[in-house]
Amino acid sequence: MAKLTFLGAAGTVTGSKYLVEAEGKRLLVDCGLFQGLKELRLRNWNPLPEKPSSFDYCVLTHAHLDHTGYLPRLVRDGYSGPIFADAATIELCNILLPDSAHLQEEDAESAGRHGYSKHKQPLPLYTQEDVKPVLQALKEIPRADPFTISPQFTVRPHDAGHILGSSSLELTITEDGKKTVVLFSGDVGRYNQPILKDPEAPPRCDVLLCESTYGDREHPSDSPEDALADVVNRVVQRGGQIVIPAFAVDRTQTILYIIRKLEDAQRIPRLPVYVDSPMAISVTDLYLRHHEDHDLTYTAQEKNGNPLDAHTVHFMRTVDDSKKINDMKTPAIIISASGMATGGRVLHHLARLAPDRKNAILLAGFQAQGTRGRALEEGAKTVRIQGMDVPVAAEVINLRQFSAHAGKSELMRWLSGTPSPPRQTYLTHGEPEASAALKAAIESAYKWRVTLPQYLQTVDLGA
């Protein structure tokens with residue numbers, strides 16, 4: 001009987017890894033990093049319960065690191081099979097994975113230099129050299145057509161509307177002539193959001209794995225344009241600067257799109273906008289190229305020029321470019337990775353701007369437990385940055401309107417689109433309270449059988 005093991009994203013938002021077994025073959029769906037709380041991050045250092053060399057195939061829903069960031073470790077520890085993904089996801093992985101390795105090398109070196117690690121010579125989880133064989137193993141599959149991985153596994157992607165290239169994966173498992181369809185939602189995106197198409201309705205399936213990041217709450221109903229305009233005008237009036245810890249993929253592009261829209265409508269002044277993330281700059285180029293993911297509104301606007309090009313935007317590629325931002329004393333907007341303030345250049349800007357009450361820290365989406373972003377969101381008076389406690393006097397705002405994850409009602413809307421009830425539904429990729437709330441909502445509305453799986457639990461897919 002085909003089996004499924006939850007190697008991650010069970011009881012937590014990150015670390016997505018699902019091992020599917022049929023007729024002696026093993027397929028890994030996603031291979032992400034655990035992020036947030038220290039107890040979760042430590043899982044990244046533990047050997048997987050199954051040897052990576054025993055896995056035959058891997059397929060990816062999308063490129064975010066909590067779905068792909070463990071791949072270098074997987075390959076280094078013995079995996080030698082192909083890694084299947086669509087073209088946009090492969091291109092994003094070629095940007096995100098080397099950057100992830102670079103940041104880990106940088107953090108390990110900094111920890112050793114400043115002595116804030118308990119290890120005498122702290123090591124990165126993986127290096128840039130470890131990333132190279134991963135990129136060579138990436139194999140392109142169609143964006144929307146069925147693809148046969150092996151006699152046991154056929155996968156068909158469906159547009160998830162989350163980030164560029166994001167898919168829900170319809171996996172047909174064939175064992176002893178019997179077919180079982182398992183749908184992996186990946187991360188479900190928003191409806192009526194800028195740039196990307198809406199999530200595609202889920203197909204018929206026997207077993208459904210659905211993410212539940214926002215299973216217990218809704219996003220604010222007011223528009224992201226109104227919310228951002230209010231913040232910008234308020235901070236400009238007091239002469240401050242805005243630093244936005246933004247995910248390099250999708251969030252940076254969405255913010256640039258809305259800034260340009262507000263400038264054109266003369267709803268905000270034309271401020272200097274600094275995109276201080278080489279990765280975000282490269283990703284923005286990809287967003288301009290992959291027209292297959294664009295919605296009709298964005299496509300129409302492209303005829304009048306680049307919709308992501310704010311009028312006074314500056315792309316800061318080098319470290320020297322980044323340092324020049326320090327000289328800016330007048331109002332400005334700084335967009336820099338990472339989105340939960342866990343690393344990257346944004347830490348430098350936070351350390352500089354957080355102590356001054358005229359400035360603002362604009363969080364733009366979900367902040368996982370244990371991250372600096374979550375601490376800021378919850379009102380921390382200080383945050384620790386590179387071994388130093390930095391006071392937080394700046395205004396902190398989380399504009400959840402910018403989230404790329406479906407809210408509770410949007411998840412319910414997506415689930416309602418399935419042609420018939422799944423035999424079994426598993427809720428993953430959510431903190432316990434969020435998953436439990438969505439479980440109750442699904443059971444009440446649809447009378448489906450819903451389970452919250454445990455970390456490392458194995459289930460029979462034919463049961």
Considering only segment 375-429, state which residues are acidic (Asp, Glu) and assigned by TED's automatic domain parsing to the domain that holds Val207.
-> Glu410
For residues in segment 227-274 being modelled with pLDDT under 95 and among the acidic types (Asp, Glu), which is farthest from Arg400 (Cα to Cα)?
-> Asp264
Please go through segment 168-206 and pick out each residue that is surrounded by fewer than 23 Cβ atoms within 10 Å (Cβ to Cβ) and either more than 23 Å from the chain's Cα centre (by Cα) or in the same structural domain as Asp295 (by TED's automatic domain parsing) (or both).
-> Thr172, Thr174, Glu175, Asp176, Gly177, Lys178, Lys179, Thr180, Val181, Pro203, Arg204, Asp206
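So, in segment 316-368, of the ones that are part of a loop (DSSP other than H, G, I, E, B) and touching a Phe, Trp or Tyr at 6+ places or on another chain (Cβ under 6 Å), which residue ends up modelled with the highest pLDDT?
Kept after step one, since they are part of a loop (DSSP other than H, G, I, E, B), are these residues of segment 316-368: 316-318, 328-332, 337-345, 354-359, 364-368.
From what is left, the residues that are touching a Phe, Trp or Tyr at 6+ places or on another chain (Cβ under 6 Å) are 316, 339, 364-365.
Working: Met316: 93, Gly339: 87, Ala364: 89, Gly365: 81.
For segment 316-368, the residue satisfying everything is Met316.
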Filtering segment 386-408 down to residues that are modelled with pLDDT of 95 or more, in a loop (DSSP other than H, G, I, E, B) and in contact with a Gly (Cβ under 8 Å, 6 or more places away or on another chain) yields Ala394, Ala406
Filter segment 258-291 down to the residues that are crowded, with 23+ Cβ neighbours inside 10 Å and of a type outside the set (A, V, I, L, M), then identify the one that is farthest from the chain's Cα centre (by Cα).
-> Tyr274
Quick one: in segment 292-315, which of the residues that are more than 30 Å from Pro142 (Cβ to Cβ) and part of a strand (DSSP E or B) is nearest to the chain's Cα centre (by Cα)?
-> Phe315
Every listed condition ((1) outside any loop (DSSP other than H, G, I, E, B); (2) surrounded by 21 or more Cβ atoms within 10 Å (Cβ to Cβ)) holds for Gly430 save (1)
Quick count over segment 1-26, residues being in contact (Cβ under 8 Å) with a residue 12 or more places away in the chain and out of contact with any Asp or Glu (no Cβ under 7 Å at 6 or more places or on another chain), is 10
Here are some conditions: (1) modelled with pLDDT under 95; (2) in contact with a helix residue (DSSP H, G or I) (Cβ under 7 Å, 6 or more places away or on another chain); (3) more than 21 Å from Trp414 (Cβ to Cβ). Tyr126 meets all but one. Which one does it not meet?
-> (1)
Ile442 fails exactly one of (1) without any contact (Cβ under 8 Å) to a residue 40 or more places away in the chain; (2) within 17 Å of His158 (Cβ to Cβ); (3) crowded, with 19+ Cβ neighbours inside 10 Å, namely (2)
Okay, strands (runs of 3 or more DSSP E) sitting entirely in segment 2-72 with 1 or more residues that are of a type in the set (Lys, Arg) and surrounded by fewer than 24 Cβ atoms within 10 Å (Cβ to Cβ), I get 3-6, 17-22, 25-31
Those residues that are under 22 Å from Val346 (Cβ atoms), aromatic (Phe, Trp, Tyr) and assigned to a loop (DSSP other than H, G, I, E, B), I need them from segment 205-263; list them, please.
-> Phe247
Segment 361-416, residues that are surrounded by fewer than 16 Cβ atoms within 10 Å (Cβ to Cβ) and at positive phi = Gly379, Gln386, Gly387
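The values are calculated or read from the model by the stated rules, or taken from the named source; none is laboratory data. Only a predicted model underlies this, so the values are computations on that prediction, with no experimental measurement involved. Cβ: placed from backbone, ideal geometry, glycine included. Neighbour counts: every protein chain shown.
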